[in-house]
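Data first, discussion second: the structure below is written as structure tokens.
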């Protein structure tokens with residue numbers, strides 16, 4: 001199977017076709033292919049994000065911050081990845097300003113605030129929230145903290161500034177970690 005078709009199948013399976021028996025068979029086949037496909041085994045967090053159009057702004061920001069090599073390293077990492085739409089919620093001009101060379105340090109701090117050391121699955125986050133009376137503090141690579149809580153079945157992240165983001169997709173796998181998709185950029189204090 002060509003790489004482009006494989007990514008398309010993987011994306012469809014990961015993002016929502018989880019109910020039917022046919023889909024269960026397809027997921028099993030995809031899992032087997034992933035173990036047997038050397039190229040797929042090398043798809044790190046950056047490569048996975050770059051293969052999905054909804055993360056083009058994030059990939060541009062990662063490059064501008066000089067974090068590509070870090071996020072391509074062994075990790076493992078868990079990334080709370082803002083979509084393009086999440087970046088568009090920032091005040092007008094903010095993203096353009098952050099992408100300038102003189103803002104590299106600030107941009108790096110914001111992006112590493114979206115990264116956690118280790119491979120943290122969605123079930124781990126939910127269990128931690130439930131085990132800690134409804135809230136769980138997550139230490140980020142930047143040294144900041146996010147507070148995870150539940151709103152119904154959704155995991156909510158509250159940043160140090162009081163901003164709220166919802167995790168909309170979970171457990172997108174990569175060779176060096178996990179991606180959880182979020183609908184709003186979280187910001188450190």
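FYI, it's all coordinate maths here, none of it is from the lab. Note that this is a predicted model, so its numbers are computed, not measured.
Need one number: the % of Cα-Cα pairs in region 42-189 sitting beyond the 27 Å mark. Show your work: numbers first, answer last.
Values: 1572 of 10878 pairs.
Value for region 42-189: 14 percent of Cα pairs lie more than 27 Å apart.
The fraction of Cα-Cα pairs per 5 angstrom bin, counted from 0 for region 123-189, comes to 4, 17, 26, 29, 19, 5, 0 percent, rounded to whole percents.
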